[in-house]
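K.L.:
Okay, handing you the structure first.
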Amino acid sequence: MKKALLFVVALLSLTACNQKGSGDDKLVQQADSLNRIIAQKDNEINDMIGTMNDIEEGFRAINAAEDRVSVARQGEGASAKERIQENMQFIQQTMQQNRELINKLRNQLRTSSVKGDQLRRTLETLTQQMDEKDAQLKALQAELQAKNIQIEELSEQVSDLSTNVSNLKEESSEKSQTISQQDKQLNSAWFVFGTKKELKEQHIIEDGEVLRSNFNQDYFTKIDIRVDKEIKLYSRSAKLLTSHPAGSYKLETDANKQYVLRIENPSKFWSTSKYLVILVK
(Lines give C-alpha, C1' and ligand atoms only; values in the text may rest on other atoms or scores of the structure.)
Protein backbone atom coordinates (compact mmCIF):
# COMPACT_ATOMS: atom_id res chain seq x y z
CA MET A 1 0.00 0.00 0.00
CA LYS A 2 2.81 2.41 0.87
CA LYS A 3 4.59 1.65 -2.41
CA ALA A 4 1.39 2.26 -4.37
CA LEU A 5 0.91 5.63 -2.65
CA LEU A 6 4.45 6.69 -3.48
CA PHE A 7 3.91 5.72 -7.14
CA VAL A 8 0.74 7.87 -7.36
CA VAL A 9 2.52 10.87 -5.81
CA ALA A 10 5.42 10.52 -8.29
CA LEU A 11 3.00 10.27 -11.23
CA LEU A 12 1.13 13.41 -10.17
CA SER A 13 4.41 15.31 -9.77
CA LEU A 14 5.54 14.28 -13.28
CA THR A 15 2.18 15.37 -14.78
CA ALA A 16 2.41 18.78 -13.06
CA CYS A 17 5.94 19.32 -14.43
CA ASN A 18 4.81 18.47 -17.95
CA GLN A 19 1.88 20.91 -17.69
CA LYS A 20 4.18 23.63 -16.38
CA GLY A 21 6.62 23.02 -19.24
CA SER A 22 3.79 23.25 -21.77
CA GLY A 23 2.63 26.52 -20.20
CA ASP A 24 6.16 27.97 -20.40
CA ASP A 25 6.36 27.09 -24.10
CA LYS A 26 3.10 28.92 -24.76
CA LEU A 27 4.36 31.97 -22.91
CA VAL A 28 7.57 31.95 -24.98
CA GLN A 29 5.57 31.67 -28.22
CA GLN A 30 3.30 34.54 -27.17
CA ALA A 31 6.32 36.68 -26.27
CA ASP A 32 7.93 35.95 -29.66
CA SER A 33 4.71 36.89 -31.43
CA LEU A 34 4.45 40.15 -29.49
CA ASN A 35 8.10 40.97 -30.21
CA ARG A 36 7.51 40.46 -33.94
CA ILE A 37 4.47 42.77 -33.85
CA ILE A 38 6.42 45.41 -31.93
CA ALA A 39 9.36 45.14 -34.37
CA GLN A 40 7.00 45.51 -37.33
CA LYS A 41 5.41 48.63 -35.83
CA ASP A 42 8.85 50.08 -35.05
CA ASN A 43 9.96 49.49 -38.65
CA GLU A 44 6.79 51.03 -40.06
CA ILE A 45 7.12 54.10 -37.84
CA ASN A 46 10.83 54.47 -38.73
CA ASP A 47 9.99 54.22 -42.45
CA MET A 48 7.29 56.89 -42.17
CA ILE A 49 9.55 59.18 -40.13
CA GLY A 50 12.28 58.70 -42.77
CA THR A 51 9.84 59.68 -45.51
CA MET A 52 8.74 62.75 -43.50
CA ASN A 53 12.38 63.79 -43.06
CA ASP A 54 12.93 63.47 -46.82
CA ILE A 55 9.87 65.67 -47.46
CA GLU A 56 11.04 68.29 -44.98
CA GLU A 57 14.49 68.27 -46.61
CA GLY A 58 12.76 68.81 -49.96
CA PHE A 59 10.92 71.86 -48.60
CA ARG A 60 14.19 73.22 -47.19
CA ALA A 61 15.87 72.86 -50.61
CA ILE A 62 12.88 74.56 -52.31
CA ASN A 63 13.03 77.50 -49.89
CA ALA A 64 16.77 77.88 -50.50
CA ALA A 65 16.23 77.85 -54.29
CA GLU A 66 13.45 80.47 -53.96
CA ASP A 67 15.89 82.68 -52.05
CA ARG A 68 18.42 82.29 -54.87
CA VAL A 69 15.74 83.30 -57.40
CA SER A 70 14.93 86.41 -55.32
CA VAL A 71 18.61 87.40 -55.29
CA ALA A 72 19.01 86.78 -59.03
CA ARG A 73 15.93 88.91 -59.77
CA GLN A 74 17.81 91.95 -58.43
CA GLY A 75 20.44 91.52 -61.11
CA GLU A 76 20.29 92.17 -64.82
CA GLY A 77 21.47 90.52 -67.96
CA ALA A 78 21.56 87.03 -69.40
CA SER A 79 23.51 85.50 -66.49
CA ALA A 80 20.83 86.53 -63.98
CA LYS A 81 18.09 85.07 -66.18
CA GLU A 82 20.05 81.86 -66.60
CA ARG A 83 20.42 81.49 -62.81
CA ILE A 84 16.69 82.09 -62.39
CA GLN A 85 15.82 79.46 -64.99
CA GLU A 86 18.16 76.88 -63.46
CA ASN A 87 16.75 77.45 -59.96
CA MET A 88 13.15 77.36 -61.22
CA GLN A 89 13.93 74.05 -62.92
CA PHE A 90 15.38 72.72 -59.65
CA ILE A 91 12.29 73.89 -57.71
CA GLN A 92 9.94 72.14 -60.12
CA GLN A 93 11.92 68.89 -59.94
CA THR A 94 12.05 68.98 -56.12
CA MET A 95 8.32 69.79 -55.94
CA GLN A 96 7.58 66.71 -58.05
CA GLN A 97 9.82 64.59 -55.84
CA ASN A 98 8.00 65.88 -52.73
CA ARG A 99 4.63 65.04 -54.32
CA GLU A 100 5.81 61.48 -54.86
CA LEU A 101 7.10 61.25 -51.29
CA ILE A 102 3.79 62.57 -49.88
CA ASN A 103 1.90 59.97 -51.94
CA LYS A 104 4.28 57.33 -50.62
CA LEU A 105 3.65 58.50 -47.03
CA ARG A 106 -0.12 58.43 -47.66
CA ASN A 107 0.16 54.81 -48.89
CA GLN A 108 2.38 53.86 -45.94
CA LEU A 109 -0.16 55.27 -43.50
CA ARG A 110 -3.06 53.56 -45.26
CA THR A 111 -1.45 50.10 -45.26
CA SER A 112 0.34 50.40 -41.92
CA SER A 113 -0.79 48.63 -38.77
CA VAL A 114 0.10 51.82 -36.92
CA LYS A 115 -3.03 53.98 -36.70
CA GLY A 116 -2.21 57.34 -35.10
CA ASP A 117 -4.06 60.64 -35.25
CA GLN A 118 -0.78 62.52 -34.95
CA LEU A 119 0.60 60.84 -38.08
CA ARG A 120 -2.56 61.70 -40.01
CA ARG A 121 -2.36 65.31 -38.85
CA THR A 122 1.28 65.46 -39.93
CA LEU A 123 0.32 64.16 -43.38
CA GLU A 124 -2.41 66.80 -43.62
CA THR A 125 0.09 69.51 -42.64
CA LEU A 126 2.61 68.36 -45.26
CA THR A 127 -0.12 68.22 -47.91
CA GLN A 128 -1.18 71.77 -46.97
CA GLN A 129 2.45 72.93 -47.21
CA MET A 130 2.61 71.38 -50.67
CA ASP A 131 -0.53 73.23 -51.77
CA GLU A 132 0.85 76.50 -50.43
CA LYS A 133 4.14 75.96 -52.26
CA ASP A 134 2.23 75.26 -55.47
CA ALA A 135 0.40 78.57 -55.12
CA GLN A 136 3.65 80.44 -54.34
CA LEU A 137 5.38 78.86 -57.33
CA LYS A 138 2.53 79.86 -59.68
CA ALA A 139 2.68 83.45 -58.41
CA LEU A 140 6.46 83.51 -58.84
CA GLN A 141 6.20 82.12 -62.37
CA ALA A 142 3.61 84.78 -63.29
CA GLU A 143 5.85 87.52 -61.90
CA LEU A 144 8.88 86.23 -63.80
CA GLN A 145 6.85 85.94 -66.98
CA ALA A 146 5.75 89.58 -66.67
CA LYS A 147 9.37 90.62 -66.16
CA ASN A 148 10.43 88.62 -69.22
CA ILE A 149 7.85 90.50 -71.31
CA GLN A 150 9.36 93.82 -70.23
CA ILE A 151 12.83 92.59 -71.07
CA GLU A 152 11.65 91.48 -74.50
CA GLU A 153 10.05 94.91 -75.17
CA LEU A 154 13.29 96.67 -74.30
CA SER A 155 15.38 94.23 -76.30
CA GLU A 156 13.44 95.02 -79.46
CA GLN A 157 15.39 98.30 -79.61
CA VAL A 158 18.66 96.39 -79.94
CA SER A 159 18.27 93.43 -82.30
CA ASP A 160 21.73 92.00 -81.64
CA LEU A 161 21.10 91.87 -77.89
CA SER A 162 17.73 90.22 -78.51
CA THR A 163 19.34 87.54 -80.63
CA ASN A 164 21.98 86.85 -77.97
CA VAL A 165 19.35 86.54 -75.22
CA SER A 166 17.32 84.17 -77.41
CA ASN A 167 20.37 82.01 -78.01
CA LEU A 168 21.14 81.98 -74.30
CA LYS A 169 17.56 80.90 -73.55
CA GLU A 170 17.84 77.96 -75.93
CA GLU A 171 21.23 77.02 -74.55
CA SER A 172 19.96 77.24 -70.97
CA SER A 173 16.88 75.20 -71.82
CA GLU A 174 19.03 72.51 -73.44
CA LYS A 175 21.33 72.50 -70.41
CA SER A 176 18.36 72.19 -68.04
CA GLN A 177 16.93 69.29 -70.03
CA THR A 178 20.32 67.57 -70.11
CA ILE A 179 20.79 68.07 -66.36
CA SER A 180 17.27 66.79 -65.68
CA GLN A 181 17.83 63.68 -67.80
CA GLN A 182 21.23 63.03 -66.25
CA ASP A 183 19.81 63.53 -62.74
CA LYS A 184 16.97 61.11 -63.45
CA GLN A 185 19.36 58.54 -64.89
CA LEU A 186 21.79 58.86 -61.97
CA ASN A 187 18.98 58.21 -59.49
CA SER A 188 17.41 55.30 -61.36
CA ALA A 189 17.84 51.66 -60.43
CA TRP A 190 16.20 48.36 -61.36
CA PHE A 191 15.16 45.41 -59.23
CA VAL A 192 13.60 42.00 -59.67
CA PHE A 193 12.67 39.14 -57.36
CA GLY A 194 11.53 35.68 -58.32
CA THR A 195 11.99 31.96 -57.91
CA LYS A 196 15.00 30.21 -59.34
CA LYS A 197 12.85 28.88 -62.19
CA GLU A 198 11.47 32.34 -63.03
CA LEU A 199 14.90 33.96 -62.98
CA LYS A 200 16.32 31.22 -65.20
CA GLU A 201 13.49 31.64 -67.72
CA GLN A 202 14.43 35.32 -68.07
CA HIS A 203 18.17 34.44 -68.33
CA ILE A 204 18.83 36.47 -65.18
CA ILE A 205 20.43 33.34 -63.74
CA GLU A 206 22.34 31.32 -66.31
CA ASP A 207 24.80 28.51 -65.62
CA GLY A 208 24.95 29.57 -61.99
CA GLU A 209 25.90 33.16 -62.86
CA VAL A 210 23.78 36.28 -62.36
CA LEU A 211 23.16 39.04 -64.93
CA ARG A 212 25.08 37.80 -67.92
CA SER A 213 24.91 39.83 -71.12
CA ASN A 214 21.67 38.36 -72.51
CA PHE A 215 19.32 38.75 -69.51
CA ASN A 216 15.83 40.20 -70.02
CA GLN A 217 16.04 43.84 -68.83
CA ASP A 218 12.30 44.38 -69.41
CA TYR A 219 11.58 41.95 -66.55
CA PHE A 220 13.03 44.44 -64.04
CA THR A 221 11.11 47.21 -62.24
CA LYS A 222 12.58 50.71 -62.48
CA ILE A 223 12.67 52.84 -59.31
CA ASP A 224 13.92 56.22 -58.08
CA ILE A 225 16.50 55.49 -55.39
CA ARG A 226 15.72 58.80 -53.63
CA VAL A 227 12.09 57.76 -53.11
CA ASP A 228 11.86 53.96 -53.13
CA LYS A 229 13.67 52.62 -50.08
CA GLU A 230 11.49 49.62 -49.22
CA ILE A 231 10.75 46.56 -51.36
CA LYS A 232 8.18 44.01 -50.18
CA LEU A 233 9.12 40.50 -51.31
CA TYR A 234 5.95 38.57 -50.31
CA SER A 235 7.99 35.50 -49.42
CA ARG A 236 9.26 33.76 -46.29
CA SER A 237 12.58 33.08 -47.98
CA ALA A 238 14.78 35.74 -49.60
CA LYS A 239 18.41 36.00 -50.67
CA LEU A 240 20.22 38.81 -52.51
CA LEU A 241 22.07 37.45 -55.55
CA THR A 242 23.69 40.75 -56.55
CA SER A 243 26.41 42.36 -54.48
CA HIS A 244 25.48 45.31 -52.24
CA PRO A 245 27.52 46.70 -49.31
CA ALA A 246 26.79 45.27 -45.88
CA GLY A 247 25.23 47.76 -43.49
CA SER A 248 23.41 49.64 -46.25
CA TYR A 249 20.28 47.48 -46.03
CA LYS A 250 18.26 45.11 -43.85
CA LEU A 251 16.24 42.03 -44.71
CA GLU A 252 13.44 41.83 -42.15
CA THR A 253 10.17 39.97 -41.78
CA ASP A 254 6.77 41.58 -41.30
CA ALA A 255 3.86 40.35 -39.16
CA ASN A 256 3.13 37.64 -41.75
CA LYS A 257 6.77 36.49 -41.56
CA GLN A 258 7.29 37.64 -45.17
CA TYR A 259 10.54 39.39 -46.03
CA VAL A 260 10.88 43.13 -46.68
CA LEU A 261 14.08 44.73 -47.99
CA ARG A 262 14.76 48.09 -46.32
CA ILE A 263 17.45 50.21 -47.97
CA GLU A 264 18.91 52.38 -45.21
CA ASN A 265 21.73 54.02 -47.19
CA PRO A 266 20.64 54.27 -50.87
CA SER A 267 23.83 55.87 -52.23
CA LYS A 268 25.97 53.18 -50.61
CA PHE A 269 23.57 50.32 -51.42
CA TRP A 270 23.45 51.13 -55.17
CA SER A 271 27.14 52.09 -55.43
CA THR A 272 28.25 48.66 -56.62
CA SER A 273 25.34 47.88 -58.96
CA LYS A 274 22.19 49.64 -60.19
CA TYR A 275 20.60 46.20 -60.67
CA LEU A 276 19.18 44.22 -57.75
CA VAL A 277 18.28 40.53 -58.01
CA ILE A 278 16.60 38.70 -55.12
CA LEU A 279 15.88 34.95 -55.03
CA VAL A 280 12.63 34.01 -53.30
CA LYS A 281 10.71 30.77 -52.82
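K.L.:
Using all alpha carbons of the range 242-281, what is the percent of pairwise distances in each 10 Å bin, ordered from the shortest bin to the longest?
P.N.:
Per 10 Å bin, starting at 0, the Cα pair percentages come out as 28, 52, 20, 1.
K.L.:
Turning to a different aspect of this structure: Report, in listed order, any pair from LYS81/LYS229; LYS196/LYS257; LYS196/LYS268 with a Cα-Cα distance greater than 32 Å.
P.N.:
Details: LYS81/LYS229 36 Å; LYS196/LYS257 21 Å; LYS196/LYS268 27 Å.
With Cα atoms farther than 32 Å apart: LYS81/LYS229.
K.L.:
Calculate one ³J(HN,Hα) per residue across the range 132-145 by plugging θ = phi - 60° into the Karplus curve 6.51 cos²θ - 1.76 cosθ + 1.60, and present them in order as whole Hz with x for glycine and proline.
P.N.:
Going residue by residue, I get 5, 5, 4, 5, 4, 5, 4, 5, 5, 5, 5, 5, 5, 5 Hz, with x marking Gly and Pro.
K.L.:
Follow-up. Go through the range 196-210 residue by residue and turn each phi into a ³J(HN,Hα) via Karplus (6.51, -1.76, 1.60, θ = phi - 60°); whole Hz please, and just put x for glycine and proline.
P.N.:
4, 5, 4, 5, 5, 4, 8, 6, 6, 10, 8, 6, x, 9, 10
K.L.:
Subtract the Cα-Cα distance of ASN265 and ASP117 from 0.36 nm times their separation in residues, and report this length gain in nm to one decimal.
P.N.:
Full-extension gain reported as 50.4 nm.
K.L.:
Would you mind checking which residues have amide H under 5 Å from LEU241's amide H? H placed 1.01 Å from N; only 5 or more apart, or other chain.
P.N.:
Amide H neighbours of LEU241, under 5 Å, 5+ apart: VAL277, ILE278, LEU279.
K.L.:
OK, next. Once the whole set of protein chains is in place, how much accessible area is left on THR221, using a 1.4 Å probe, in Å² to the nearest 10?
P.N.:
Estimated to the nearest 10 Å², THR221 gives 70 Å².
K.L.:
Return the long-range amide H neighbours of ILE204 (sequence gap of 5 or more, or a different chain), with a cut-off of under 5 Å between placed amide H atoms.
P.N.:
Close amide H contacts, sequence-distant or interchain: ASN216.
K.L.:
GLU264's amide H: which non-local residues (gap 5+, or another chain) put their own amide H closer than 5 Å, with H modeled 1.01 Å from N in plane and none for Pro or chain starts?
P.N.:
It is TYR249, LYS250, by chain and number.
K.L.:
Got a sec? What order do ARG99, ARG60, ARG262 fall in by accessible area at 1.4 Å, biggest, i.e. largest, first? Can you show the working numbers first?
P.N.:
Working: ARG99 80, ARG60 130, ARG262 25 Å².
Heavy-atom accessible area, descending, gives ARG60, ARG99, ARG262.
K.L.:
Pull out the extension gain between SER237 and GLU100, defined as 0.36 nm times the separation in residues minus the alpha carbon to alpha carbon distance; nm, one decimal.
P.N.:
46.3 nm
The values are calculated or read from the model by the stated rules, or taken from the named source; none is laboratory data. No experiment lies behind these values; they were computed from the predicted model shown. All accessible areas refer to the heavy atoms of the entire protein, side chains included, with ligands and DNA or RNA removed. Shrake-Rupley method; radii C 1.70, N 1.55, O 1.52, S 1.80 Å.
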